[in-house]
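Below: one structure, written as structure tokens.
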Amino acid sequence: MRALTMLLAVLLASSLAVSAQDTQPDLTKEPTLYVVAYSHLDTQWRWEYPRVIDDYIPKTLHDNFALLDKYPNYIFNFSGSNRYRMAKEYWPADYARLKQYIAAGRWFPAGSSVEEGDVNVPSAESIFRQILYGNRYFQREFGKTSAEYMLPDCFGFPASLPSILAHAGLKGFSTQKLTWNSAAPVGGRGSIEETPRGIPFNVGYWVGPDGRGIVAALNPGSYGGQVREDISKSPPILDSNGRNNPVDWPGRVERNGKASGLFTDYHYYGTGDTGGAPHEDSVRMMEAIVTRNNALVEASTAVGDGLLKVVPATAEQMFLNIRPEHIARLPRYEGDLLLTDHSAGSITSQAYQKRWNRKNELLADAAEKASVGAAWLGARAYPQERLNNAWTLVMGGQFHDILPGTATPKAFNFSWNDDVIAMNQFAGVLTSATEGIASALNTQTLGTPIVVYNPLNIEREDVVEVNIPIRPGTARVVGPDGREVPAQVADGKVLFLARVPSVGYAVYDVR
């Protein structure tokens with residue numbers, strides 16, 4: 001029965017995917033607004049992991065279960081495989097129920113990544129890992145992945161990010177953070193899509209330094225925004241004293257279409273920063289819009305009749321519906337998208353978190369390369385699970401309020417603990433792999449053999465420091481070619497100049 005249930009879930013998900021493909025709108029002719037229901041959860045910020053596990057994750061699950069059961073057109077998006085992993089460990093019964101909603105296409109594991117991480121401090125390798133590990137978790141647990149990268153609350157975005165996302169195979173990127181005053185010299189009154197200052201477009205193509213890029217939705221509205229009126233229709237024009245002047249989504253979609261040839265846009269609504277679900281009033285309004293107004297759109301055969309189709313969407317749906325041949329006409333932007341008024345001082349705060357993140361990135365790189373060599377020689381089995389577990393701890397600490405340095409002091413105690421555990425894991429793997437490789441090297445020397453490892457992708461000449469018992473002024477060091485190299489003894493340590501090939505080892509003789 002269990003196997004049959006799982007098979008039916010897979011078949012249902014497949015049929016939904018086929019149905020969605022069959023009904024894909026022609027965005028060059030059909031004005032379409034993709035509305036993404038989302039709950040923002042800061043895994044650590046003004047609180048720590050225990051509160052998230054005890055309160056915020058179950059609230060997110062239970063509140064959305066209730067809405068999913070009540071409103072048949074409601075689709076919910078939630079990011080971060082790290083949070084799903086917590087739900088699986090601490091709320092297993094709810095997690096089993098969650099998997100049913102995901103299989104039915106009602107709950108979407110969004111964002112592709114382990115965490116909604118910072119993208120300014122981590123290396124490109126870390127961002128690739130976020131996507132690789134996040135989507136592999138989603139594939140393993142739910143049988144589906146995400147084609148987009150969702151960072152609503154990250155503190156700015158480097159020019160390299162679109163290239164990284166493109167090379168990772170993703171199709172789209174979204175954020176609402178640029179409304180917090182972007183430093184980019186674009187947008188403003190008279191701009192191509194009448195975007196706020198600092199935002200290059202509503203929906204366009206963000207190009208990286210190597211020419212690769214990604215479709216980006218850069219002005220979707222606040223993730224805590226609500227749907228209070230029929231957004232398929234233009235709102236009445238309010239005077240200067242009008243309050244809560246709603247966005248004219250049909251007007252925006254029309255402007256986008258004139259600028260790019262694609263009559264589409266992307267709209268967040270939901271809640272934050274403690275998880276949960278969008279307000280039921282918004283979900284109820286969306287249900288009414290979808291069942292009433294979209295029926296009119298489907299019945300209409302006239303092009304440009306002012307009707308806007310509103311789609312309760314997964315975070316990836318618009319990006320998948322934009323065809324490759326449409327991308328050339330999208331407005332383009334190349335460069336950084338950094339912030340001016342928000343989080344600017346965080347780049348120099350919590351230095352230990354930043355230092356240990358970088359230590360882990362370097363240790364991980366050295367450990368993995370050494371492990372490949374040891375496995376190739378048959379000296380050690382490749383420790384993939386141990387490396388993956390350590391990387392998962394590191395990526396948890398790259399969350400956008402942890403690595404930048406904007407969480408509580410107690411939150412960093414948890415993150416430092418994870419970082420130190422990860423460093424010990426990587427160091428242990430590196431030591432074990434090096435011992436395995438050393439056992440295959442010729443270490444027969446006249447003095448003490450010292451095995452030197454270079455994990456860089458280039459040949460390296462540098463000073464090596466060794467702690468071995470030796471009397472001052474008595475050290476001579478001979479290289480692999482039999483020639484003596486510069487050396488000295490200081491504070492009980494031997495220092496000598498070594499040259500080691502790219503991702504290689506060399507044996508030196510300390511006499």
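The values are calculated or read from the model by the stated rules, or taken from the named source; none is laboratory data. Model, not experiment: these values are computed from the prediction. Cβ coordinates were reconstructed from backbone atoms using ideal geometry, including for glycine residues, and neighbour counts include every protein chain displayed. Each accessible area value is taken on the protein alone, full model and side chains, heavy atoms only, with ligands, DNA and RNA left out. Shrake-Rupley method; radii C 1.70, N 1.55, O 1.52, S 1.80 Å.
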### Rough spin-label spacing in nm, given labels placed 7 Å along Cα→Cβ, for ARG483 and THR291
8.4
### Query
In whole percent, what relative contact order does segment 268-382 give with Cα contacts below 8 Å and a gap of six or more residues?
10
### Query
Any idea what angle helix 249-260 forms with the longest principal axis of the chain, computed on alpha-carbon atoms, 0 to 90 degrees, nearest 10?
60
### Task
Provide the per-residue ³J(HN,Hα) series for segment 154-170, in order, calculated from phi with Karplus coefficients 6.51, -1.76, 1.60 and θ = phi - 60°, each as a whole number of Hz, with x at glycine and proline positions.
6, 8, x, 9, x, 4, 6, 4, x, 5, 4, 5, 5, 5, 7, x, 7
### Task
Compute the length gained on full extension between ARG511 and LEU320: take 0.36 nm times their separation in residues and subtract their Cα-Cα distance, giving the result in nm to one decimal.
62.3 nm
### Message
Need one value: the accessible area of GLU125 in square angstrom, 1.4 angstrom probe, rounded to the nearest 10.
### Response
90
### Message
Tell me the carbon and sulfur percent of the accessible area for segment 405-447, rounded to whole percent, probe radius 1.4 Å.
### Response
55
#### Entry: Whole-Hz ³J(HN,Hα) from phi, Karplus 6.51 cos²θ - 1.76 cosθ + 1.60, for segment 173-182, glycine and proline x
9, 9, 7, 10, 6, 5, 6, 8, 6, 7
#### Entry: Packing-based order for 396-407, 218-229, using average beta carbon neighbours within 10 Å, highest first
396-407, 218-229
#### Entry: Fully extended contour minus Cα-Cα distance, from ARG97 to LEU362, at 0.36 nm per residue
91.4 nm
### Task
Pop the C-beta distance of GLU89 and ASN442 into the FRET formula with R0 = 56 Å and round what comes out to the nearest 0.05.
0.70
### Message
Counting heavy atoms of the protein chains only and a 1.4 Å probe, report the per residue accessible area for the chain as a whole number of Å².
### Response
46
### Task
Give me the angle, in degrees from 0 to 90, between the Cα long axis of helix 92-103 and the longest principal axis of the Cα atoms of the chain, rounded to the nearest 10.
60
### Task
Compute the distance in nm between two label points, each set 7 Å from the Cα along the Cα-to-Cβ direction, one at TRP180 and one at ARG476.
6.3
### Query
So what is the relative contact order for segment 323-469, in percent, with contacts set as C-alpha pairs under 8 Å and at least six apart?
31
### Query
What spacing in nm lies between the two simple spin-label points modelled at ASP281 and ILE421, each 7 Å away from Cα in the Cβ direction?
4.3
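Mind checking the full-extension length gain between ARG140 and ASP248? Use 0.36 nm per residue of separation minus the Cα-Cα distance, one decimal, nm.
Going from the current span to full extension adds 34.8 nm.
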